[in-house]
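K.L.:
Let me give you the structure first, and then I'll get to my questions.
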Amino acid sequence: MMYALRNCNVLLPEHKVEKGDVFIDYESGKIERLVFDGSRVDADVELNLSNHLVMPGLVNCHCHAPMTLVRGLGGGLPLQRWLEEAIFPVEAKMTDEDVHAGAVWGAMEMLAGGTTCVADMYDHNYATAFLEVGMRARVCVPGLSIVPGRLELCVASTRDWNKWMREEPKGDVYMDVCVHSEYLTDETFCRGLAEANKELGRRLHFHCSETKREHEECIARHGKTPIAYLADTGLLDHGGYAAHCVWCTDDDFRIMAERGVSLVHNPTSNMKLGSGFARVARAMELGVNVALGTDGAASNDNLDMFEEMHLASLIHKGIALDPTVLSPWDIIDMATVNGAKALGRDDIGEIAVGKKADLCVVDLDKPHLAPALDLANLVVHSMHASDVAMVFVDGDSVYDKRRVGAEFDGVYTGFAKAKADLLAAVKRLI
């Protein structure tokens with residue numbers, strides 16, 4: 001069966017917008033055809049989306065979805081105090097059920113804001129949350145040397161979950177390998193995980209050089225930066241995606257470019273915690289793929305990728321005193337195709353024939369989105385998550401704002417229960 005999204009503005013990988021029709025093959029979940037010449041092609045089902053923008057589903061490359069449980073907790077504290085005084089004490093009390101409830105709520109928030117794929121890092125076993133909601137995800141068990149048996153757990157969980165997903169496909173949720181950071185893992189752990197990853201062959205998700213203190217203490221311990229240190233342990237041999245990278249050096253960027261490690265820029269979180277500004281323009285000059293992430297809801301305090309695009313654009317123009325730094329298309333790429341590349345994907349992040357139909361549909365009939373003279377500029381500087389009208393994942397409609405409150409296959413099925421589960425967990429924890 002084929003269905004058509006008619007009369008829409010389509011954001012294309014050639015950095016242009018065309019008006020026409022997008023055809024989706026329901027069986028394969030792929031984009032079957034794009035028609036922009038006004039010709040009529042029949043479809044089994046069609047939807048008129050005039051005055052809407054159809055763009056690729058957004059890819060959030062660094063998140064902690066369960067942290068919706070602690071949204072806004074510890075506001076005003078620097079990173080280390082924020083973790084030790086506000087976050088760690090509450091996390092120590094969390095059960096698998098609590099974490100699952102927070103992850104479901106976070107996944108629903110992301111889908112409703114146009115995010116169709118996420119790279120998520122958190123403790124506990126909660127990967128099924130993304131299957132339930134209908135998102136693509138790359139999750140991981142964070143490596144921590146201070147937890148006995150954690151190396152074995154990281155390896156076994158990754159191997160067993162991915163084997164299960166391959167044998168009994170239930171969605172696109174797989175596990176990557178992870179170390180939380182250099183400062184929470186020792187060399188024995190890192191080398192052990194690198195050795196195990198020769199068989200697993202997964203990308204590494206990790207926090208890197210988020211604060212000046214973290215960066216300098218690593219140099220004091222090992223005589224090298226976190227990126228150089230992790231490269232020497234073998235953990236970057238299969239590529240990866242490094243969150244923050246605020247204090248990375250040019251040599252770090254060269255290593256990242258050589259090893260296929262993407263920089264995941266988290267502008268809101270880095271500003272809220274006073275960590276600084278990642279030098280993303282310089283990283284790009286040196287060949288590093290740059291993607292975007294929201295970080296967790298406790299350090300953001302939302303999971304709105306449109307807001308991350310807006311801030312990423314403004315920050316670097318202001319720092320450079322140059323309005324030409326990072327064009328709107330550069331920023332859109334960070335939130336879509338670059339995010340897909342960071343996760344090793346070439347089938348999402350773009351609207352093109354043969355790609356997966358992961359789509360974000362934005363309603364342009366809003367005062368702040370008219371006149372639509374430059375749609376790429378509007379995406380980055382005017383749009384919000386609340387402007388998203390529909391979301392498709394693998395060709396399936398998983399969110400339709402026009403039907404909120406109705407029972408249908410989408411993000412709001414079970415909304416009341418998900419909210420009740422979240423609030424019950426929060427009441428017990430805090």
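K.L.:
Which of these, Ala357, Ala196, Ala92, has the largest mean-square fluctuation under a Gaussian network model of the chain (Cα springs below 10 Å)?
P.N.:
Per the Cα network of the chain with a 10 Å cutoff, Ala92 tops the list.
K.L.:
Cβ neighbours within 10 Å, averaged per peptide: list 314-320, 111-117, 60-66 in order, most packed at the top. Please list the in-between numbers first.
P.N.:
Working: 314-320: 15.6, 111-117: 26.7, 60-66: 30.0.
In decreasing order of mean packing, 314-320, 111-117, 60-66 become 60-66, 111-117, 314-320.
K.L.:
Going by amide H atoms built from the backbone, whose H comes under 5 Å of the H on Met390, apart from near neighbours?
P.N.:
Val361, Lys401
K.L.:
Now a separate question. For the range 333-398, what is the per residue volume of the convex hull drawn over the alpha-carbon atoms, in cubic angstrom? Intermediate results must be reported in sequence, preceding the final value.
P.N.:
Working: hull volume 6.6 nm³, N = 66.
Dividing the Cα hull volume of the range 333-398 by its residue count gives 100 Å³.
K.L.:
Students often check this: by mean Cβ neighbours within 10 Å, which of 264-271, 10-17, 188-195 ranks highest, and how do the rest follow? Numbers along the way, then the final one.
P.N.:
Values: 264-271: 25.4, 10-17: 16.4, 188-195: 18.1.
By packing density, highest mean first, the sequence is 264-271, 188-195, 10-17.
K.L.:
Hey, can you grab everything whose amide H is under 5 Å from the amide H of Gly240? Only 5+ residues off in sequence or another chain; H modelled, so Pro and N-termini drop out.
P.N.:
Amide H neighbours of Gly240: Leu204, Val261, Ser262.
K.L.:
Mind ordering 297-303, 246-252 by average Cβ neighbours within 10 Å, highest first?
P.N.:
Values: 297-303: 24.3, 246-252: 19.1.
By packing density, highest mean first, the sequence is 297-303, 246-252.
K.L.:
Also, I was wondering about something else. If you split all Cα-Cα distances of the chain into 10 Å bins from zero, what percentages do you get per bin, shortest first?
P.N.:
5, 22, 33, 26, 12, 2, 0
K.L.:
Counting only protein heavy atoms and a 1.4 Å probe, tell me what percentage of the chain's accessible area is made up of carbon and sulfur. Intermediate results must be reported in sequence, preceding the final value.
P.N.:
On the way: 8840 of 16900 Å².
Roughly 52 percent, rounded to a whole number.
K.L.:
Hey, in the chain, which Cys have no second cysteine's beta-carbon closer than 4.7 Å?
P.N.:
Cysteines of the chain left without a disulfide-compatible partner: Cys8, Cys61, Cys63, Cys117, Cys154, Cys190, Cys208, Cys218, Cys360.
K.L.:
Would you list Lys366, Lys427 from the most to the least accessible area, probe 1.4 Å?
P.N.:
Numbers: Lys366 50, Lys427 170 Å².
Of Lys366, Lys427, the descending order of accessible area is Lys427, Lys366.
K.L.:
Taking all pairs of different Cα atoms in the range 275-430, averaging 1/r and flipping that mean, what Kirkwood radius in angstroms comes out?
P.N.:
On the way: mean 1/r = 0.0561 Å⁻¹.
It is 17.8 Å.
The values are calculated or read from the model by the stated rules, or taken from the named source; none is laboratory data. Note that this is a predicted model, so its numbers are computed, not measured. Reconstructed Cβ throughout: ideal geometry from the backbone, glycine too, with neighbour counts over all protein chains shown. With ligands, DNA and RNA removed, areas are computed over all heavy atoms of the protein, side chains included. Shrake-Rupley method; radii C 1.70, N 1.55, O 1.52, S 1.80 Å.
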